Structures are given as C-alpha cells and as structure tokens.
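Take a look at the structure below.
The values are calculated or read from the model by the stated rules, or taken from the named source; none is laboratory data. Note that the coordinates shown come from a computational prediction; the quantities given were computed from them, not determined experimentally. Cβ sites come from the backbone with ideal geometry, for glycine too, and all protein chains shown count toward neighbours. Heavy atoms of the whole protein, side chains included, go into the accessibility calculation; ligands, DNA and RNA do not. Shrake-Rupley method; radii C 1.70, N 1.55, O 1.52, S 1.80 Å.
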Amino acid sequence: MKLRIDQQIISDWIPDGARVLDLGCGNGALLNHLQQRGVTGYGLEIDNSRFAECIEAGVNVIQSDLDEGLSQFADQSFDYVILSQTLQAIKRPDFLLREIARVGKKGIIGFPNFGYWQCRVQLALGGRMPVSKTLPNAWYETPNIHLCTIQDFERLCADHRLTVLNHSIVNHEHKDSLGIRLLPNLFGQTAVYLVQQHTAS
Amino acid sequence: MPDSIPADSVGLVSPTTYHIDTPLQLDCGRTLSSYDLIVETYGELNADKSNAVLICHALSGDHHAAGYHSMDERKPGWWDTAIGPGKAIDTNRFFVVCLNNLGGCKGSTGPMTINPDTGKAYGPDFPIVTVEDWVRSQAALADKLGIAQWAAVVGGSLGGMQALQWAISLPHRLRHTIIIAAAPKLSAQNIAFNEVARTAIKSDPDFHDGHYMAHNTLPKQGLGLARMLGHITYLSDEAMGEKFGRELRSGAIQYGYDVEFQIESYLRYQSTSFVGRFDANTYLLMTKALDYFDPAKKFNDDLNQTMAQIEAKSLVVSFTSDWRFSPMRSREIVNAMLAAGKSVTYAEVEAHQGHDAFLMPIPRYLEIFASYMNQVAGEIKA
C-alpha cells in the first residue's frame with residue numbers, strides 16, 4: 001500500500017512499537033505500514049467502503065463518527081493520535097483537537113493549507129472558491145467544511161495550550177523548497193503538526 | 001426445491017448425532033449425565049485440525065446451516081448465504097461445524113427427548129440451559145471431534161452471544177470470534193418482548209403447563225402468536241413497508257375481521273409454518289437463555305473486565321435498521337473490548353432489513369465478512 005506524502009512524514013515521526021489511534025484511517029495504509037515496525041492500535045473510519053482493504057491489511061478498523069468525539073477511549077491511552085487530511089471535514093475541529101489531546105500523549109494533525117498561493121489567487125483574482133488537486137470538490141458538494149490556513153491552525157493550537165513539537169510543510173511536487181521555508185503559509189500545500197498538551201510544570 | 005445444486009452450495013448434506021457421556025453440570029444446578037448433539041459439518045478438517053469453524057445458531061435455528069437435505073427441500077440451510085465453496089465462510093478452506101443446541105427440538109437432547117428417569121418426554125421438566133451451558137456442551141463436542149482450538153466461532157443474534165461467551169469462557173480454544181447483530185445482555189425491552197411471547201404460549205389452553213404431548217395436542221395458537229411477535233421485531237418498519245405496504249389481499253376493504261392486509265397474511269403464514277416445525281417448550285427455553293445472558297455478571301457487572309478475559313481477535317458487525325439489537329448494543333461490546341485493549345474490528349452495515357439482515361446477502365456485509373475470514377484462513381494457512 002502506497003503512502004501519501006503526509007503519511008510518510010507521520011510515519012517518520014512515530015517510533016517503533018508505539019501505540020497509535022488513526023482517525024479517519026481510510027484503507028488502513030498508514031497503520032499497515034506502521035504495524036510492520038511493531039506499532040499497534042486502531043483505525044477509526046466512518047465510511048466502511050474500504051473496510052475489506054483494512055481487514056486484508058491486518059488493520060483493526062472501528063466504524064465510528066469522529067464528530068461524536070473519542071469518548072470510548074480513556075485519557076492518555078495512546079502514544080500518538082493521528083488525524084491526517086480529515087480535520088477539514090469535521091463539524092467541530094476544536095472539539096476533536098481537545099479530544100486528541102485528551103486521549104493521546106501526542107497528537108499528529110495533517111491538513112491542506114488553505115493559505116496556499118493558488119487558493120489565494122483563485123479567490124482574490126478569479127473571485128471563485130478555490131478548487132485544487134488536494135481540494136477537488138465544488139463549494140456546494142465538498143465534505144471539507146472547515147478549511148484553515150497554517151496560521152489559523154497555529155492560533156487554534158495556542159488557544160488550546162498545545163505545544164507544537166515539530167511540523168513539516170510541503171508542496172506536493174517538490175516536497176520542500178526555499179519558498180516554503182521562507183513563507184510556509186503561502187507556498188505550503190500540506191501541513192503536518194506534532195503537538196502535545198502544554199503542562200504547567 | 002433446487003433443480004440442480006448451485007456451484008457455490010455445499011450440496012446434499014446429512015446430519016450426524018454425537019452421544020456425549022461426560023456429565024454436564026448446568027448453571028441451574030442440575031446435571032445431564034449424558035446427552036446427544038445433532039451436528040452437520042461442511043468441508044474437510046485439515047491434518048493439524050486447525051481449520052474448524054463453529055457456527056452458533058439463533059433462537060429458532062438448528063444444525064442445518066447450509067446445503068440441502070434432499071432435492072425436494074424447498075430452501076437450503078438457514079445461513080447458506082454465508083457458508084459454501086467460495087462464500088464468506090469458504091468450505092474449500094474451512095471445516096464448518098453447526099449443531100442444534102442443547103434444549104433444541106431438531107434432534108439434540110431437549111424437551112422432546114425421552115427422560116431416562118421417567119421413560120416419558122422431558123417436556124417442561126427439561127432443565128433451562130444458559131448460553132454458558134451451551135458453550136460447555138459445544139466444547140465437549142469439540143473434544144469429541146478432536147478440535148483443540150476453533151479457527152473461529154461465528155454467530156448472529158443469540159448465536160453472536162454464544163460466540164462472545166466462547167471468547168470469554170474458553171479464551172484459548174478459539175483464534176477468532178465473530179459476533180453479528182448481538183448485544184452484551186438483553187435490555188428490559190428485549191426481555192419484555194420475550195415475556196409477551198412466553199405468555200402467549202403459556203396461556204394457550206392446549207399448553208397444559210407444558211405437558212401438551214401427554215395430552216396429544218399442541219399450543220398452536222400460543223406458539224404461533226409468539227412467532228408473529230418475534231417476526232415483527234426481526235424486521236424494520238421500512239422493510240415491512242417495502243415488502244407489504246398497505247396492500248390488500250382482495251384489493252378492497254371488507255369491513256370485517258378476517259385477514260385483509262398482506263402483512264396480516266404474511267404473519268399468519270409465518271405463524272402456521274413455524275408451529276409445524278418448532279416445539280413450544282424449546283421456544284420458552286431459548287427465550288430464557290436470551291434473558292439470562294449477561295457475561296459481565298461474573299465480573300462485578302464490569303464489561304471492560306469481562307472483555308479483558310478474551311484472547312481471540314474479534315469481528316463485530318451490526319446493522320443500521322436493527323432495532324432488536326441495535327448498533328448501539330454492538331458498540332457496547334466493542335467499546336469494552338477497546339477499553340481492554342483487545343484486537344477488534346467493527347462494522348456498522350447500512351441495511352434496511354432490520355435484525356434479519358444478518359441472514360441476508362447484503363454485499364457490503366458479505367464483503368467485510370469474507371475479507372475477515374480470508375485473514376483467518378491466511379493465519380492458519382488454510
């Protein structure tokens with residue numbers, strides 16, 4: 001199973017043998033990849049159309065609706081809780097972010113950057129809601145109801161007292177570039193953040 | 001009746017009766033010194049006896065899960081949609097075992113069996129058996145067949161409860177448990193429906209406190225009524241609406257109390273056909289086994305601690321329109337398994353057929369089921 005670029009980044013951040021929860025696990029590719037390194041855990045997914053693939057990949061998948069939170073899981077019961085390319089489709093991203101910080105010792109969140117220059121150009125000059133390879137749907141039919149920019153996301157983390165331990169911002173073609181390093185919110189297409197609940201000590 | 005046996009059928013099958021003479025101590029305190037279990041098997045047991053799958057039946061089920069008893073049989077076994085060559089439970093890879101549970105009326109020891117102490121049929125004096133008793137008797141059958149560990153124990157509804165009980169009671173004797181359309185225990189509403197069914201049977205003047213056989217009669221009305229009620233709870237409003245709607249048999253309202261709507265006709269048909277093939281005392285016993293099922297009771301009513309006993313990997317499946325054992329009930333099982341850190345996969349299949357969906361050829365359900373069984377087969381190299 002092939003990993004997307006954000007999944008490759010996430011995989012690099014997760015140590016062997018970790019216990020993880022993958023929210024919106026799709027066909028189970030990331031967990032399947034991680035399990036080969038002794039990582040254990042579950043994938044949660046609302047759509048069971050690719051459950052057969054998950055099962056064949058040896059991934060424990062649980063059908064569940066992330067909008068209802070993670071109440072079935074105890075506090076700090078996973079080393080990492082992953083939410084990749086799903087944040088923007090959640091009804092209350094702030095609520096889910098709090099749930100991620102509660103259930104996971106660390107959280108990894110990957111999302112498409114709506115501040116990417118092409119989005120800005122389409123809106124500013126074309127006067128239309130942006131449509132791209134990462135965000136291919138028209139505004140009226142998109143499941144992506146809560147798009148944000150890198151700046152927006154960092155603000156949300158700060159508001160929730162989440163410390164950013166690491167982040168990676170990439171562009172689909174080049175992975176990394178000088179432009180991205182200088183102006184990530186303008187040139188980054190996909191952002192991945194590693195966060196942890198800020199402790200008072 | 002099949003003109004020819006379909007290629008994906010296990011074909012013509014016949015049952016075998018196993019006599020078990022290891023005494024079985026029952027939860028109610030009584031002991032059965034020996035008993036018979038009628039069994040059907042499909043496929044071949046492999047050399048290391050690792051490919052056996054146990055199928056547990058629901059309330060009115062029996063050992064005839066797949067294939068045909070003869071070319072005259074109108075319908076194949078009750079779970080033919082899932083069991084056969086190339087099907088979800090692939091008989092080319094698995095050795096499938098299905099029995100009529102103890103207390104049944106299709107050939108295993110039960111209320112219709114002659115009580116050796118009296119020389120007469122047990123009738124209502126047959127001890128009430130529990131899901132745990134069934135698991136013990138099924139384990140005795142496994143011993144008899146030389147099966148130390150099932151590749152999987154599989155069941156829907158009351159059968160799913162047995163599959164769950166297996167994983168809790170005898171954790172080392174199964175690799176996988178597949179629990180479909182079940183619940184960790186019955187709700188007050190579930191018990192209430194069972195009590196109405198029992199009252200229907202017991203209040204039939206032909207019931208004679210369960211000794212109807214001695215009176216050469218049958219509580220047809222009562223058992224039929226119980227079945228009608230059961231059928232309503234197995235279907236969803238949507239499924240019933242789709243199948244029958246408000247359709248009238250004669251096309252016009254008759255202003256009378258005879259059967260007018262198609263649904264009435266259907267329920268009466270279900271009722272009469274059931275009365276001819278099922279024993280009322282067994283029906284009472286099965287509903288009690290359902291009511292008593294509560295595996296967490298032994299673990300301080302703590303379901304998480306109960307699930308902590310499990311060694312097997314689990315697949316749990318529910319159906320969106322099932323209101324008898326709704327997805328919420330399956331999620332109770334799953335959440336407790338998650339809390340206990342167990343290996344579990346859970347699917348909530350979109351289906352309009354209600355509780356009966358577990359017996360239906362629903363593509364997404366069978367796809368998930370087949371993928372899971374394929375993994376099971378891979379593990380044991382079947």
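Tabulated data for the structure shown
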item	result
Options A:GLY24, A:GLY38; residue that is surrounded by fewer than 24 Cβ atoms within 10 Å (Cβ to Cβ), free of Cβ contacts under 8 Å to residues at least 24 places away in the same chain and more than 10 Å from chain B (Cβ to nearest Cβ)	A:GLY38
Region B:332-344 - residue that is buried (at least 23 other Cβ atoms within 10 Å of the Cβ) and in contact with a helix residue (DSSP H, G or I) (Cβ under 6 Å, 6 or more places away or on another chain) and, of those, nearest to B:ASN304 (Cα to Cα)	B:MET337
Segments classed as strands (runs of 3 or more DSSP E), wholly inside region A:1-101, with at least 3 members that are under 15 Å from the mean Cα position of the chain (by Cα)	A:19-23, A:40-45, A:78-84
Complete set of residues in region A:47-67 that are touching a strand residue (DSSP E or B) at 6+ places or on another chain (Cβ under 7 Å), within 20 Å of B:GLU332 (Cβ to Cβ) and more than 7 Å from every other protein chain (Cβ to nearest Cβ)	A:SER64, A:LEU66
Boolean, B:TYR365 is within 12 Å of another protein chain (Cβ to nearest Cβ), touching a residue at least 40 places away in the same chain (Cβ under 8 Å) and surrounded by 23 or more Cβ atoms within 10 Å (Cβ to Cβ)	yes
Out of B:ALA226, B:ALA188, B:ALA239, sole residue that is without any contact (Cβ under 8 Å) to a residue 60 or more places away in the chain, surrounded by fewer than 21 Cβ atoms within 10 Å (Cβ to Cβ) and either of a type outside the set (Phe, Trp, Tyr) or more than 30 Å from B:GLN305 (Cα to Cα) (or both)	B:ALA188
The one condition in (1) surrounded by 19 or more Cβ atoms within 10 Å (Cβ to Cβ); (2) modelled with pLDDT of 90 or more that A:GLN151 fails to fulfil	(1)
Selection status of B:VAL13, surrounded by 24 or more Cβ atoms within 10 Å (Cβ to Cβ) and of a type in the set (Val, Ile, Thr)	no
Helices (runs of 4 or more DSSP H) enclosed by region B:286-382 - at least 1 residues per element that are closer than 26 Å to B:ILE128 by Cα	B:303-307, B:327-339
Residues of region B:275-315 satisfying the condition of being over 25 Å from B:VAL129 (Cβ atoms), in contact (Cβ under 8 Å) with a residue 40 or more places away in the chain and hydrophobic (A, V, I, L, M, F, W, C)	B:LEU315
Pick from region B:310-331, criterion polar (S, T, N, Q) and open to solvent by 10 Å² or more (accessible area, probe 1.4 Å), ranking: farthest from A:TYR42 (Cα to Cα)	B:SER321
Residue within region A:75-84 that is within 14 Å of chain B (Cβ to nearest Cβ) and among the aromatic types (Phe, Trp, Tyr) present	yes
